[in-house]
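The values are calculated or read from the model by the stated rules, or taken from the named source; none is laboratory data. Predicted, not measured: the structure shown is a model, and the values here were computed from it. Note that we place each Cβ from the backbone using ideal geometry, even for glycine, and neighbour counts take in every protein chain shown.
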Ligand SMILES: C[S@@+](CC[C@H](N)C(=O)[O-])C[C@H]1O[C@@H](n2cnc3c(N)ncnc32)[C@H](O)[C@@H]1O
């Protein structure tokens, strides 16, 4: 009888926490939606927000490929009121093809400020592998969305994987569609058994480090 009541209370607590996360995300979404980016909206932004919310206190979130900051602010708005922090790695150089040309670092900083989350974000304007070479912090959440070439995705994963805590989350963007390099590496990663609790939100694939 007591066990039944305890379970009921636990389910109710979890449900009210999920409801609160959802409500807070809905309040934050207009801010996120001002930032240009490449996400399948709003489900993927919601995943970033709630993943940051659920991460441990003082969580370290590392993002490879921030562009103008859409995924960054989605994570960072989920960090508000905590010591959690997002390290946003990007060359911020754009290109003549997909991203266009411009001062992407300035745009990124402007978007982070317009969402009021600058205290939770450190931009790192450097190649991801150079960052990894001197990285030392244990990572709670790693999001890989830099170069989509197979060798680059693989290199980013292996460079940062050793820093991800056991039970930490690793996510890849573009595991579906035309992104053959990401799809191939995502399939290999799943087969490798390095991750558990694997799931997907549209083209975002994620798992937990075993
Ligand atoms: C698809 S965009 C990221 C989109 C972003 N996550 C969003 O929410 O809109 C990929 C970004 O990765 C950056 N990039 C590609 N290879 C990189 C590397 N090796 N190191 C750092 N940044 C890289 C590009 O400059 C580009 O801005």
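Tally time: how many residues in segment 53-66 are crowded, with 24+ Cβ neighbours inside 10 Å and within 14 Å of the ligand (Cβ to nearest atom)? Steps first, please.
Residues of segment 53-66 crowded, with 24+ Cβ neighbours inside 10 Å: 59, 61-64, 66.
Applying the additional criterion that residues be within 14 Å of the ligand (Cβ to nearest atom) yields 61-64, 66.
Of the residues in that region, 5 qualify.
Inspect segment 162-172 for any residue being within 22 Å of residue 93 (Cα to Cα) and either touching a helix residue (DSSP H, G or I) at 6+ places or on another chain (Cβ under 8 Å) or away from the ligand (no atom under 11 Å from the Cβ) (or both) and give the result as yes or no. Lay out the reasoning, then the answer.
Taking segment 162-172 and keeping what is within 22 Å of residue 93 (Cα to Cα), we get 172.
Narrowing the set further to residues that are either touching a helix residue (DSSP H, G or I) at 6+ places or on another chain (Cβ under 8 Å) or away from the ligand (no atom under 11 Å from the Cβ) (or both) leaves 172.
Yes, segment 162-172 contains at least one residue that is within 22 Å of residue 93 (Cα to Cα) and either touching a helix residue (DSSP H, G or I) at 6+ places or on another chain (Cβ under 8 Å) or away from the ligand (no atom under 11 Å from the Cβ) (or both).
Could you tell me which residue of segment 73-101 is nearest to residue 164 (Cα to Cα), considering only residues that are in contact with a strand residue (DSSP E or B) (Cβ under 6 Å, 6 or more places away or on another chain) and within 7 Å of the ligand (Cβ to nearest atom)?
89
For the condition within 14 Å of the ligand (Cβ to nearest atom), surrounded by 20 or more Cβ atoms within 10 Å (Cβ to Cβ) and more than 18 Å from the chain's Cα centre (by Cα), what is the one hit in 143, 157, 104, 108? Walk me through it before giving the result.
On the way: 143 fails: more than 18 Å from the chain's Cα centre (by Cα); 157 fails: more than 18 Å from the chain's Cα centre (by Cα); 108 fails: more than 18 Å from the chain's Cα centre (by Cα).
Answer to the selection: 104.
Among the numbered criteria (1) in contact with a helix residue (DSSP H, G or I) (Cβ under 7 Å, 6 or more places away or on another chain); (2) assigned to a strand (DSSP E or B); (3) surrounded by fewer than 23 Cβ atoms within 10 Å (Cβ to Cβ), which single criterion is violated by residue 87?
(1)
Under 8 Å by Cβ, and 6 or more places apart or on different chains, what pairs join a residue from segment 87-102 that is over 20 Å from residue 62 (Cα atoms) with one that is modelled with pLDDT of 85 or more and near the ligand (Cβ under 6 Å from one of its atoms)?
Close Cβ pairs (under 8 Å, with a partner that is modelled with pLDDT of 85 or more and near the ligand (Cβ under 6 Å from one of its atoms)) amount to 99/67.
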